[in-house]
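I have placed the structure first, in the form of structure tokens, so that the comments after it can refer back to it.
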Amino acid sequence: MACCWQAPPSRRLKLNIDASVRTSECRVAIGGVICDHWRVVVAAFSKTLVGKFSVDDAKTLTVREGGK
């Protein structure tokens, strides 16, 4: 099943996120890209966190970071 990125409605922004959990190293890498309806990157971020996190926790932290 193929899918593709869809732009947000006009005058809106879209946050796409991802997270990677390395439980053996107690590290989490999070990142996100914010794009407008023209598919222009407005902001992007990435960060490495130290600690034991589940994948769901890591994605929640990514959304919080993207909202700053």
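Hey, can you tell me all the residues within segment 48-64 that are loosely packed, with under 13 Cβ neighbours inside 10 Å and not hydroxyl-bearing (S, T, Y)? Walk me through it before giving the result.
To start, the set of residues in segment 48-64 that are loosely packed, with under 13 Cβ neighbours inside 10 Å comprises 48, 50-52, 54-56, 64.
Hits for segment 48-64 are V50, G51, K52, V55, D56, R64.
Residues in segment 1-29 that are within 14 Å of the chain's Cα centre (by Cα) and among the aliphatic types (A, V, I, L, M): L13, L15, I17, A19, V21, V28, A29. The residue of segment 5-27 that is surrounded by the most Cβ atoms within 10 Å (Cβ to Cβ), among those that are modelled with pLDDT of 90 or more and touching a Lys or Arg at 6+ places or on another chain (Cβ under 7 Å), is A19.
Can you tell me how many residues in segment 20-56 are farther than 20 Å from W5 by Cβ, touching a residue at least 12 places away in the same chain (Cβ under 8 Å), in contact with a strand residue (DSSP E or B) (Cβ under 8 Å, 6 or more places away or on another chain) and not aliphatic (A, V, I, L, M)?
7
Would you please name the residue that is farthest from the chain's Cα centre (by Cα), looking only at residues in segment 30-54 that are assigned to a strand (DSSP E or B) and β-branched (V, I, T)? So that I can check it myself, show each step before the final result.
Taking segment 30-54 as the starting set, the residues that turn out to be assigned to a strand (DSSP E or B) are 30-36, 41-50.
With the extra rule that they be β-branched (V, I, T), the set shrinks to 30, 33-34, 41-42, 48, 50.
On the way: I30: 6, V33: 6, I34: 9, V41: 13, V42: 14, T48: 12, V50: 17 Å.
Among those residues, the one meeting the criterion is V50.
What residue, among those in segment 34-47 that are touching a Gly at 6+ places or on another chain (Cβ under 9 Å) and within 11 Å of K14 (Cα to Cα), is surrounded by the most Cβ atoms within 10 Å (Cβ to Cβ)? The residue in question is I34.
The values are calculated or read from the model by the stated rules, or taken from the named source; none is laboratory data. Note that the structure is a prediction, hence the values are computed from the model and not measured. Counting neighbours? That spans all protein chains shown, and the Cβs are built from the backbone with ideal geometry, glycine included.
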